[in-house]
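**Student:** Handing you this structure, nothing more for now.
The values are calculated or read from the model by the stated rules, or taken from the named source; none is laboratory data. Keep in mind it's a predicted model, so treat the numbers as computed, not measured. In this analysis, Cβ positions are derived from the backbone assuming ideal geometry, glycine residues included, and neighbour counts consider all displayed protein chains.
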Amino acid sequence: MSQDRTTPASVVSLEELSSWPEELCRRELPSVLPRLLSMYQHSDSWIEHIQLLKIIVEMFLPHMNHLTLEKTFFSQVLPKTVKLFDDMIYELTSQARELSSQNLEIQSTLRNILQTMVQVLGALTGCVQHVCATQESIVLENIHSLPSSVLHVIKSTFVHCKNSESVYSGRLHLVSDLLQALFKEAYSLQKQLMELLDMVCMDPLVDENDDILNMVIVIHSLLDICLVISSIDSAFHANTWKFIIKQSLKHQSVIKNQLKHKDIITSLCEDILFSFHSCLQLAEQMTQSDTQDNADYRLFHKTLKLCRFFANSLLHYTKEFLTFLSDSCCTLHQLYLQVHSKLPPSLYATTISKAQQEEIAGAFLVTLDPLITQLLTFQPFIQVVLDSQLDLPCELQFPQCLLLVAIMDKLPSQPEDVQVLWCTEGQLSEATARVSLLKAIFYSFEQCSGELSLPVRLQGVKTKGQAQVAVTLYQHVCVHLCTFIASAHPSLFPELDAALLNAVLSTKMITSLLAMDAWCFLARYGTAEICAHHVTIVAHLIKSCPGECYQLTNLSILLRRLFFFMAPPHQAEFIQKFSPKEAENLSLWQYISFQALSADLRKQTADEVTRTGTTQCREWLSSGRTLGELESLNTALSALLTVCNSAGEALDIGQQTEITEVGSQLWAFLNKQVTGQPYVQQTFSLLLPLLGFFIQTLDPQLISQVLTLQTSLLKLEPPDHTCLAVLDFVSSLGKLFIPQAIQDKILPNLSCIFALLLADRNWLLEQHTLEAFTLFAEGTNHEEIVPQCLSSEETKNKVVSFLEKTGLIDETDAARVERVKQERGIFSEPFVKVTAEEARWSSLQPCAKRARHEPPLEEEYRAAVQTAAGALEAIELLLQKSPAPDWLLMKMEVLQGKIQKLKRCSL
């Protein structure tokens, strides 16, 4: 029934208004709307609220001027609507705990509230649809209350639906139909709103206005909604993200300075990791399941597709807003590490099939590679990746190594300034220093002890005409490092040389070996002059080392290897520069293999080293024979041993005889000192293999004396290097036929030596002993002593297992991985670095003895006295080389007082 034209609009009831025709609504809008808005503002009834809202939206909104919507309608109605909706959410949450199938009153109340909320969402949808239908291009400022209010209501709805399990507990089924309707209405409302926002136009010439702020608020509100719906509806979640990225890029020129880029990047990375972990869980379930579930497989592919979408979104966003992502670089770095830590061959990877691993790599990981390429030129990213204070947990060290290698692969295609930026150290402030890429690679590599020891396998480099094979982590890093060396810009060579040298001097053997391999590649790839130059530098470094230290060991190995790559003319120059005729150069020739020389140079140099070495030994014997001055003797013996091992065929009978005579003379003097002076054992360890080289020509009485001393020495548990020298000597006896007259003296000692060493618990000695014993047993003519060496059933089983190449421990792959992960914690403990001077001191001291069960007190006294004597000898040697420090005299007086006190106690 229509209103009488004479009836004032102010007295018409809501029921009558709801039946007004369209034309009457349009005509009476100016007089009716203020009254309706007033009623809406002052109404306390939710039912009346929704009635008024529906009437305004459905009957009067179509006739309002779209230019004045914000002022006349949205700004006056929507704040009240939002409050109304929040109140209803609060009532639902507060009364939900009383909901039950028996309490019909609460059930009816809650259902009525939910129905009212659905109607509110419907009314807001009507507002959005009207704006879309009446405007081709929308200025956000003209409707700014609408998006903000709608987004608030949508988020509240999704949060309530997400929490419904906990809010309604076991009574969810009583309202589930209305919750589903509520969600669908909010879903529809957001789709409509995104269509509206897609029509918004912004002036790119305007730097600051309310439109910019409103659009930024909209984007961040949608970002908040993404956090809520991520676990509710993956497709809707993806579409929301798609819209966020689209709008950010569409209005990039005007909103780029206002967007919270870090929040967007962080949320994207979190969603990537969430969907990625979901992928892995599904893949793991399918791997563990005996039967292939098509539903699981389809869900896996759907989740993987979602993963790829998020990764592509991140890639696109990063490309467009890179300059604003300084504070997001840590998040992007962690994303790469987290992803690769969960995929094979990481020790912390999820167990999935090879096929699904390849699917993940092909669909998802391929997007991370261009992401790294985009970040290569971004200095904040460089700072994060190469941070000198970077402290990663064990599970992220391997991915960090892979990342650094991937970056190194990309650098040759980058401009020189980018390569320099990565390959040089820098310091923005005291707290933000960064290392060079090469230094970081070596450090990261040595942190991967578990992956190196297993070893894990990675995809190899494809070569033309050959099938691709899996390679170890060592091979992977080494090949890529050598590739970089071959293609790096020449300006980086000083940094490369420094990085290689630092790595060679590393305390970690595996790092030093990697650097040596790379250096050897450089020697082969570069010119002969570069190789010769490097050999000369290493030689000078060796000569400058003050004493025995791990750095000297590493440099000596490098010198030995590089010498093989020298051109013959350069080798001849080296021989002239570091002439073996001069005793001071024996410190170099003890490390050089004579097999690297041509036949003529080998014979000449071997002859010179032999003459100089034997002369040095004779001079020592004819001098004061001071046991504190063993360094020159040790160097001479080491050089002679090198000649015998690598150029023995170049020695004539006279030279061999001379070496044998010198060795015998040294033995005659030193054998009385070995047990009493532990630091003489280093010389003894060099003399034994030298004598063993000429075992066929040695006097049987001398052999008997050596074995007798070795037996006594082994019972005192000498250092490992002494035991290894003993093994070297006794294994050479397998080639020797021992005369009948002296067998009773030699064979018992020989069997005792093997029995003692085979029973040793040191794994290194155990392995070398098994090898030496096998070599001896296979060659000896005295088979009767072989069983005598096997002193126990345990030793017999050990030897049999070694000969049959069977492991003593049956360990599954999974158990092995877990063991390696536990061992990694031990390897990662801080390593106490020893200076060269400290190393020199320690080399002069007796080696610490291994703990023994209930050692005899007499042996403890002897060991303590030997230690003290060794320390005094070391001080004597230092006093001969440099003036004493001021404090030494006072310290010596204190020691003298202690000695006097001990003398009184021993009476």
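**Student:** Answer with yes or no whether Ile138 is over 19 Å from Phe183 (Cβ atoms), within 53 Å of the chain's Cα centre (by Cα) and either crowded, with 17+ Cβ neighbours inside 10 Å or among the hydroxyl-bearing types (Ser, Thr, Tyr) (or both). Break it down into steps so the answer makes sense when it comes.
**Tutor:** On the way: over 19 Å from Phe183 (Cβ atoms): yes; within 53 Å of the chain's Cα centre (by Cα): yes; either crowded, with 17+ Cβ neighbours inside 10 Å or among the hydroxyl-bearing types (Ser, Thr, Tyr) (or both): yes.
Yes, satisfied.
**Student:** Quick one: which residue in Ala815, Ala839, Ala755 is of a type outside the set (Phe, Trp, Tyr), surrounded by 12 or more Cβ atoms within 10 Å (Cβ to Cβ) and modelled with pLDDT of 70 or more?
**Tutor:** Ala755
**Student:** Separate question: Would you mind stating whether Leu67 is touching a residue at least 40 places away in the same chain (Cβ under 8 Å), exposed (fewer than 15 other Cβ atoms within 10 Å of the Cβ) and farther than 30 Å from Gly170 by Cα? Walk me through it before giving the result.
**Tutor:** Numbers: touching a residue at least 40 places away in the same chain (Cβ under 8 Å): yes; exposed (fewer than 15 other Cβ atoms within 10 Å of the Cβ): yes; farther than 30 Å from Gly170 by Cα: yes.
In short, yes.
**Student:** Only one residue in Thr615, Thr553 is within 23 Å of Ile653 (Cβ to Cβ) and out of contact with any strand residue (DSSP E or B) (no Cβ under 7 Å at 6 or more places or on another chain), so which one is that? Quick ask: steps written out before the conclusion?
**Tutor:** Details: Thr553 fails: within 23 Å of Ile653 (Cβ to Cβ).
Just one listed residue meets the conditions, Thr615.
**Student:** Check region 331-339 and report whether any residue there is surrounded by fewer than 21 Cβ atoms within 10 Å (Cβ to Cβ) and of a type in the set (Ser, Thr, Tyr).
**Tutor:** Yes.
**Student:** For region 358-378, indicate whether the set of residues that are touching an Asp or Glu at 6+ places or on another chain (Cβ under 9 Å) and either of a type in the set (Gly, Ala, Ser) or part of a helix (DSSP H, G or I) (or both) is non-empty.
**Tutor:** Checking region 358-378: not a single residue is touching an Asp or Glu at 6+ places or on another chain (Cβ under 9 Å) and either of a type in the set (Gly, Ala, Ser) or part of a helix (DSSP H, G or I) (or both).
**Student:** Consider region 152-178. How many of its residues are in contact with a Leu (Cβ under 7 Å, 6 or more places away or on another chain), closer than 18 Å to Ser230 by Cα and of a type in the set (A, V, I, L, M, F, W, C)?
**Tutor:** Of the residues in that region, 3 qualify.
**Student:** If the requirement is being part of a helix (DSSP H, G or I) and of a type in the set (S, T, N, Q), which of these qualifies: Ser278, Ser231?
**Tutor:** Numbers: Ser231 fails: part of a helix (DSSP H, G or I).
The conditions single out Ser278.
**Student:** Which one of these is closer than 22 Å to Cys478 by Cβ, surrounded by fewer than 22 Cβ atoms within 10 Å (Cβ to Cβ) and out of contact with any helix residue (DSSP H, G or I) (no Cβ under 6 Å at 6 or more places or on another chain): Asp369, Asp391? Can you show your working first?
**Tutor:** Values: Asp391 fails: closer than 22 Å to Cys478 by Cβ.
Answer to the selection: Asp369.
**Student:** Next question, about the same structure. In the list Glu495, Glu548, which residue meets the criterion of being in contact with a helix residue (DSSP H, G or I) (Cβ under 8 Å, 6 or more places away or on another chain), surrounded by 16 or more Cβ atoms within 10 Å (Cβ to Cβ), acidic (Asp, Glu) and under 18 Å from Tyr443 (Cβ atoms)?
**Tutor:** Sole residue among the options that is in contact with a helix residue (DSSP H, G or I) (Cβ under 8 Å, 6 or more places away or on another chain), surrounded by 16 or more Cβ atoms within 10 Å (Cβ to Cβ), acidic (Asp, Glu) and under 18 Å from Tyr443 (Cβ atoms): Glu495.
**Student:** If you don't mind, there's one more thing I want to ask. Only residues that are without any contact (Cβ under 8 Å) to a residue 60 or more places away in the chain, surrounded by 17 or more Cβ atoms within 10 Å (Cβ to Cβ) and within 24 Å of Asn634 (Cβ to Cβ): list them for region 529-545, please.
**Tutor:** Selection gives Val535, Val538, Ala539, Leu541, Ile542.
**Student:** Now for a separate question. Return the total of residues in region 495-530 being outside any helix (DSSP H, G or I) and closer than 23 Å to Glu451 by Cβ. First the steps, then the outcome.
**Tutor:** Our first condition is that a residue be outside any helix (DSSP H, G or I); within region 495-530, this holds for 505-508, 526-527.
Retained after the next criterion (residues that are closer than 23 Å to Glu451 by Cβ): 506-508.
Result for region 495-530: 3.
**Student:** Is it the case that Ser512 is under 20 Å from the mean Cα position of the chain (by Cα), at pLDDT 95 or above and closer than 30 Å to Leu601 by Cβ? Steps first, please.
**Tutor:** Working: under 20 Å from the mean Cα position of the chain (by Cα): yes; at pLDDT 95 or above: yes; closer than 30 Å to Leu601 by Cβ: yes.
Yes: the conditions hold for Ser512.
Yes/no matrix, rows are residues, columns are (1) closer than 30 Å to Gln576 by Cβ; (2) touching a residue at least 12 places away in the same chain (Cβ under 8 Å); (3) surrounded by 20 or more Cβ atoms within 10 Å (Cβ to Cβ); (4) of a type in the set (A, V, I, L, M, F, W, C):
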site	(1), (2), (3), (4)
Val609	yes, yes, yes, yes
Thr615	yes, yes, no, no
Leu637	yes, yes, yes, yes
Ser646	yes, yes, no, no
Thr697	no, yes, no, no
Pro700	no, yes, no, no
Thr711	no, yes, no, no
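**Student:** Any residue at all in region 773-786 that's free of Cβ contacts under 8 Å to residues at least 40 places away in the same chain and not in a helix (DSSP H, G or I)?
**Tutor:** Within region 773-786, none of the residues are free of Cβ contacts under 8 Å to residues at least 40 places away in the same chain and not in a helix (DSSP H, G or I).
**Student:** From the list Leu633, Leu670, Leu666, pick out the single residue that is over 51 Å from the mean Cα position of the chain (by Cα) and farther than 30 Å from Thr511 by Cα. So that I can check it myself, show each step before the final result.
**Tutor:** On the way: Leu633 fails: over 51 Å from the mean Cα position of the chain (by Cα); Leu670 fails: over 51 Å from the mean Cα position of the chain (by Cα).
The unique qualifying residue is Leu666.
**Student:** Please work out which one of (1) under 45 Å from the mean Cα position of the chain (by Cα); (2) in contact (Cβ under 8 Å) with a residue 24 or more places away in the chain; (3) within 26 Å of Ile138 (Cβ to Cβ) is the condition Met199 fails and give its number.
**Tutor:** Met199 satisfies all of (1) under 45 Å from the mean Cα position of the chain (by Cα); (2) in contact (Cβ under 8 Å) with a residue 24 or more places away in the chain; (3) within 26 Å of Ile138 (Cβ to Cβ) except (1).
**Student:** A follow-up question, please. Could you check how many residues of region 285-324 are farther than 16 Å from His261 by Cα and aromatic (Phe, Trp, Tyr)?
**Tutor:** 3
**Student:** Separate question: For region 111-131, name all the residues that are under 15 Å from Gln180 (Cβ atoms) and buried (at least 22 other Cβ atoms within 10 Å of the Cβ).
**Tutor:** If the condition is that a residue be under 15 Å from Gln180 (Cβ atoms) and buried (at least 22 other Cβ atoms within 10 Å of the Cβ), then Met117, Leu121 are the ones that fit.
Yes/no per residue for (1) surrounded by fewer than 17 Cβ atoms within 10 Å (Cβ to Cβ); (2) at pLDDT below 90; (3) within 16 Å of Thr125 (Cα to Cα):
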residue	(1), (2), (3)
Ile47	yes, yes, no
Ile50	no, yes, yes
Pro62	yes, yes, yes
Leu78	no, no, yes
Asp86	yes, no, no
Tyr90	yes, no, no
Thr93	yes, no, no
Arg97	yes, yes, no
Thr109	yes, no, no
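**Student:** Those residues that are part of a helix (DSSP H, G or I) and either of a type in the set (Asp, Glu) or loosely packed, with under 12 Cβ neighbours inside 10 Å (or both), I need them from region 788-802; list them, please. Break it down stepwise before answering.
**Tutor:** First, the residues of region 788-802 that are part of a helix (DSSP H, G or I): 788-789, 793-802.
Result: Glu793, Glu794, Val800.
**Student:** I've got another one for you. Based on what the data block shows, is Leu764 part of a helix (DSSP H, G or I) and under 40 Å from the mean Cα position of the chain (by Cα)?
**Tutor:** Numbers: part of a helix (DSSP H, G or I): yes; under 40 Å from the mean Cα position of the chain (by Cα): yes.
The answer is yes for Leu764.
**Student:** If you check Leu304, Leu322, Leu347, which single one turns out to be closer than 18 Å to Trp241 by Cβ, surrounded by 16 or more Cβ atoms within 10 Å (Cβ to Cβ) and either more than 24 Å from the chain's Cα centre (by Cα) or touching a residue at least 12 places away in the same chain (Cβ under 8 Å) (or both)? Steps first, please.
**Tutor:** On the way: Leu322 fails: closer than 18 Å to Trp241 by Cβ; Leu347 fails: closer than 18 Å to Trp241 by Cβ.
Going through Leu304, Leu322, Leu347 in turn, just one is closer than 18 Å to Trp241 by Cβ, surrounded by 16 or more Cβ atoms within 10 Å (Cβ to Cβ) and either more than 24 Å from the chain's Cα centre (by Cα) or touching a residue at least 12 places away in the same chain (Cβ under 8 Å) (or both): Leu304.
**Student:** Sticking with this structure for a sec: Taking only region 710-740 into account, find how many residues are assigned to a helix (DSSP H, G or I) and out of contact with any helix residue (DSSP H, G or I) (no Cβ under 8 Å at 6 or more places or on another chain). Walk me through it before giving the result.
**Tutor:** Step one: filter region 710-740 for residues assigned to a helix (DSSP H, G or I), giving 710-714, 720-735, 740.
Those left that are additionally out of contact with any helix residue (DSSP H, G or I) (no Cβ under 8 Å at 6 or more places or on another chain): 712, 740.
Counting residues in region 710-740 that are assigned to a helix (DSSP H, G or I) and out of contact with any helix residue (DSSP H, G or I) (no Cβ under 8 Å at 6 or more places or on another chain) gives 2.
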